[in-house]
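Chemist: Supplied in structure tokens, the structure appears directly below.
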Amino acid sequence: MAKFTGMKINPKRFHRSQLKFFAVLLPMAAFVALPILFIFNHAFKPLNELFAYPPRFFVRQPTLRNFRDLVELAAQSGVPFSRYLFNSLVVTSIGVTLAILFTSLAAYGLSKLKFRGKKFLFEINTLALMFVPIAVMIPRYITIARLGLIDSYLGLALPLIAIPVGLFLVKQFIDQTPDELIESAKIDGASEMQIFLRIIVPITAPAIATVGILAFQLIWNDVIGPNLYIDDESMKTLPFFFQTVAQGAIPGQQHHNPVAGQGVLAAASLIMFVPNIIMFIWLQNKVMNTMAHSGIK
Amino acid sequence: MTRRMNHPAWFLMPYVLLFVVFIIVPVAIAFGLSFTYFNTVETPEWVGLRNYIELLTRDEVFMQHVLPNTIKFAFIVGPVGYFMSFLLAWMLAQIPHLPRTVFAIILYSPSMTAGIAMAVVWTVLFSGDHAGYLNAMLLNWGFISEPIQFLISPDHLMNIMIVVALWASMGVGFLAMLAGILNIDQSLYEAAYIDGMRNRWQEIFYITIPSMKPQMLFGAVMAVVGTFQVGMIGVQLSGANPTPQYAGQLLVNHIEDFGFIRYLMGYASAVSVVLLIIIYSISKVTFNLLGEKE
């Protein structure tokens with residue numbers, strides 16, 4: 001038999017034949033990484049390097065000045081930076097916790113319990129995978145106003161908790177758990193909730209972590225919520241503050257030079273981005289594990 | 001306490017409640033409001049199909065700019081992003097674990113950046129004066145003699161939006177496709193070659209894609225959604241709604257323009273309904289297209 005020369009999935013070690021893939025992947029990755037590297041460098045540039053012409057990509061004498069300026073700008077806007085940060089942390093923790101809890105509960109129900117309308121519910125949810133929240137920002141605003149959730153942390157968190165993609169992924173994942181496992185626990189007298197907590201949750205940890213990441217990204221980065229559902233400045237979150245900085249809308253900020261503003265904005269971008277990337281790197285094994293079951297049949 | 005929790009309602013109620021209140025109800029309200037005149041202060045007034053008729057016959061901005069822009073943007077970013085995701089996933093699956101993980105994280109990372117936060121990078125890179133990185137480079141190499149106003153020029157804004165959207169198009173769908181390829185049974189390929197398969201193209205079309213069809217479909221839906229999700233991009237880049245000469249105006253910006261700048265919420269709702277219908281139809285068509293390749 002001739003030597004197999006076709007597709008080799010997940011090779012154990014490097015081989016010359018993989019060079020062609022590296023030849024494409026390296027420049028692609030470089031192109032994608034460049035703007036992100038740029039943010040990292042820009043955020044730490046002192047004023048004279050921000051102004052330098054021709055512009056330089058890499059920072060030479062890193063400084064934390066931009067971060068300090070960012071905090072100062074917040075003070076000028078009347079709300080301390082720590083308040084924005086606190087709001088963001090509160091909203092994100094409420095949101096992620098409830099998203100994880102509600103999604104995995106519902107996924108178990110859809111996957112293993114029997115009730116009327118189950119198929120319909122799953123189909124509606126699959127349909128809602130195509131839901132784009134910004135398309136209905138107006139009715140969402142009206143709903144939130146009617147519920148009296150304007151100017152509250154819940155008004156920011158609740159709309160982002162039901163994530164159809166999240167439910168879909170966890171449900172597909174739980175589908176893989178053998179029914180025998182659940183049946184034997186029932187024979188031992190366990191209730192559905194006990195089965196869920198003791199058997200399903202540990203097994204489904206990768207999918208739950210994935211929902212956590214998705215929810216975190218959605219809520220931590222959300223700029224529509226604080227813009228539309230919050231009037232009280234002291235209840236707004238970091239993305240909103242960064243947006244006002246980006247628009248140069250803070251009183252007194254106009255005197256700041258726009259180029260100097262870039263450094264501050266880069267620092268702001270970094271604050272938004274770094275928690276996301278750390279979480280993803282930390283949990284990427286679990287995410288990939290979940291994605292293996294993500295197919296729509 | 002958990003001993004007696006057997007009823008499905010314990011599991012489904014919380015999610016379904018939020019799902020209905022924040023997804024189903026808003027869609028229903030959008031539908032209802034789209035038949036009214038509503039300026040957010042007075043009670044909505046029933047106007048029948050007037051909003052839709054105006055949208056289709058009188059709204060020149062919609063017909064001449066918003067709709068063509070949205071179609072152009074979606075038909076380039078969606079398919080190209082999807083194709084790139086598949087191709088990159090396919091290549092990543094064929095290199096060892098460590099470099100694969102590093103590349104996958106890098107390629108996925110733009111999906112984690114908030115639009116507003118990243119806008120700064122692009123505004124600096126494409127800045128219209130000679131201090132913009134791209135302008136500085138082009139000037140330096142002698143391609144141009146005057147800096148180009150990339151972000152406020154109607155000629156360039158759309159192209160830049162497409163590049164930025166493609167840059168961020170390796171999202172959840174990309175991860176799903178990568179996982180899908182990695183899960184294909186290696187022996188399928190070996191058997192196919194014994195049976196006379198000759199090249200990489202045959203491999204991709206007869207084994208790779210059919211074996212990961214569920215992930216391909218999931219990736220397709222995510223590509224459609226992702227494309228429409230980044231709709232705010234033009235406003236973020238140019239810093240204005242409407243965008244300069246409506247060059248980067250997409251449906252989402254039109255909704256915001258009418259809903260929250262002019263407070264014509266009934267009209268904006270009609271645009272929302274049109275957007276939802278477009279997204280749904282595109283997903284449906286994509287589904288049928290991919291689903292038939294059995």
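The values are calculated or read from the model by the stated rules, or taken from the named source; none is laboratory data. Since the model is a prediction, treat every value here as computed from it, not as a measurement. Cβ placement follows ideal geometry from the backbone for every residue including glycine, while neighbour counts extend to all protein chains displayed.
Chemist: So in region B:239-249, with the set limited to residues that are over 18 Å from A:Ser269 (Cα atoms) and modelled with pLDDT under 85, which one is surrounded by the fewest Cβ atoms within 10 Å (Cβ to Cβ)?
Modeler: B:Ala240
Chemist: Taking the stated definitions as given, is A:Asp179 surrounded by fewer than 17 Cβ atoms within 10 Å (Cβ to Cβ), within 22 Å of B:Phe260 (Cα to Cα) and not hydroxyl-bearing (Ser, Thr, Tyr)?
Modeler: no
Chemist: Output the residues belonging to region A:118-139 that are in contact with a helix residue (DSSP H, G or I) (Cβ under 9 Å, 6 or more places away or on another chain), of a type in the set (Phe, Trp, Tyr) and over 14 Å from B:Tyr280 (Cα atoms).
Modeler: Correct list: A:Phe122 only.
Chemist: When you go through B:Ile144, B:Ile162 one by one, which is the residue that is surrounded by fewer than 21 Cβ atoms within 10 Å (Cβ to Cβ) and either at pLDDT below 90 or assigned to a loop (DSSP other than H, G, I, E, B) (or both)?
Modeler: Details: B:Ile162 fails: either at pLDDT below 90 or assigned to a loop (DSSP other than H, G, I, E, B) (or both).
When all the criteria are applied, what remains is B:Ile144.
Chemist: Same structure, new question: So, restricting to helices (runs of 4 or more DSSP H) that lie completely within region A:1-78, which ones have at least 2 residues that are modelled with pLDDT under 90 and surrounded by fewer than 16 Cβ atoms within 10 Å (Cβ to Cβ)?
Modeler: Filter on region A:1-78 gives A:47-51, A:65-76.
Chemist: Check B:Ile194, B:Ile204 and return the single one that is facing another protein chain (nearest Cβ under 9 Å), modelled with pLDDT of 90 or more and over 28 Å from B:Ala30 (Cα atoms).
Modeler: Result: B:Ile204 is the single residue among B:Ile194, B:Ile204 that is facing another protein chain (nearest Cβ under 9 Å), modelled with pLDDT of 90 or more and over 28 Å from B:Ala30 (Cα atoms).
Chemist: Here's something else I'd like to know. Within region B:229-242, is there a residue that is of a type in the set (Ser, Thr, Tyr) and farther than 30 Å from B:Phe126 by Cα?
Modeler: No: region B:229-242 contains no residue that is of a type in the set (Ser, Thr, Tyr) and farther than 30 Å from B:Phe126 by Cα.
Chemist: Name the residue, out of A:Ser88, A:Ser104, that is of a type in the set (S, T, N, Q), under 27 Å from B:Val252 (Cα atoms) and crowded, with 22+ Cβ neighbours inside 10 Å.
Modeler: Within the list A:Ser88, A:Ser104, the selection yields A:Ser88.
Chemist: Let me ask something else about it. Within region A:114-140, how many residues turn out to be in a loop (DSSP other than H, G, I, E, B) and more than 7 Å from chain B (Cβ to nearest Cβ)?
Modeler: So the count comes out to 3.
Chemist: Has region B:224-231 got any residue that is more than 9 Å from chain A (Cβ to nearest Cβ), over 19 Å from A:Ile296 (Cβ atoms) and surrounded by 17 or more Cβ atoms within 10 Å (Cβ to Cβ)?
Modeler: Yes, that holds for at least one residue.
Chemist: For region B:1-36, what are the residues that are within 8 Å of another protein chain (Cβ to nearest Cβ) and touching a Pro at 6+ places or on another chain (Cβ under 7 Å)?
Modeler: If the condition is that a residue be within 8 Å of another protein chain (Cβ to nearest Cβ) and touching a Pro at 6+ places or on another chain (Cβ under 7 Å), then B:Phe22, B:Pro26, B:Ile29, B:Ala30, B:Leu33 are the ones that fit.
Chemist: Now for a different question. How many residues does region B:147-159 hold that are farther than 11 Å from B:Phe126 by Cα, surrounded by fewer than 18 Cβ atoms within 10 Å (Cβ to Cβ) and not polar (S, T, N, Q)?
Modeler: Of the residues in that region, 2 qualify.
Chemist: Of A:Ser234, A:Ser294, which residue is at pLDDT 90 or above and either over 20 Å from the mean Cα position of the chain (by Cα) or within 9 Å of another protein chain (Cβ to nearest Cβ) (or both)?
Modeler: A:Ser234
Chemist: So, A:Phe22, is that one within 14 Å of another protein chain (Cβ to nearest Cβ) and within 30 Å of B:Tyr189 (Cβ to Cβ) or not?
Modeler: Details: within 14 Å of another protein chain (Cβ to nearest Cβ): yes; within 30 Å of B:Tyr189 (Cβ to Cβ): yes.
Yes: the conditions hold for A:Phe22.
Chemist: Kindly evaluate B:Leu107 against the criterion of being over 25 Å from A:Asn221 (Cβ atoms) and either at the interface with another protein chain (Cβ under 7 Å from one of its Cβ atoms) or free of Cβ contacts under 8 Å to residues at least 40 places away in the same chain (or both).
Modeler: Criteria not met by B:Leu107.
Chemist: Additional query: Among the candidates B:Val80, B:Val102, B:Val120, B:Val61, which residue alone is out of contact with any strand residue (DSSP E or B) (no Cβ under 9 Å at 6 or more places or on another chain), at negative phi, within 12 Å of chain A (Cβ to nearest Cβ) and surrounded by fewer than 19 Cβ atoms within 10 Å (Cβ to Cβ)? Even if it seems obvious, please write down each step before you answer.
Modeler: Details: B:Val80 fails: within 12 Å of chain A (Cβ to nearest Cβ); B:Val120 fails: surrounded by fewer than 19 Cβ atoms within 10 Å (Cβ to Cβ); B:Val61 fails: within 12 Å of chain A (Cβ to nearest Cβ).
Sole residue among the options that is out of contact with any strand residue (DSSP E or B) (no Cβ under 9 Å at 6 or more places or on another chain), at negative phi, within 12 Å of chain A (Cβ to nearest Cβ) and surrounded by fewer than 19 Cβ atoms within 10 Å (Cβ to Cβ): B:Val102.
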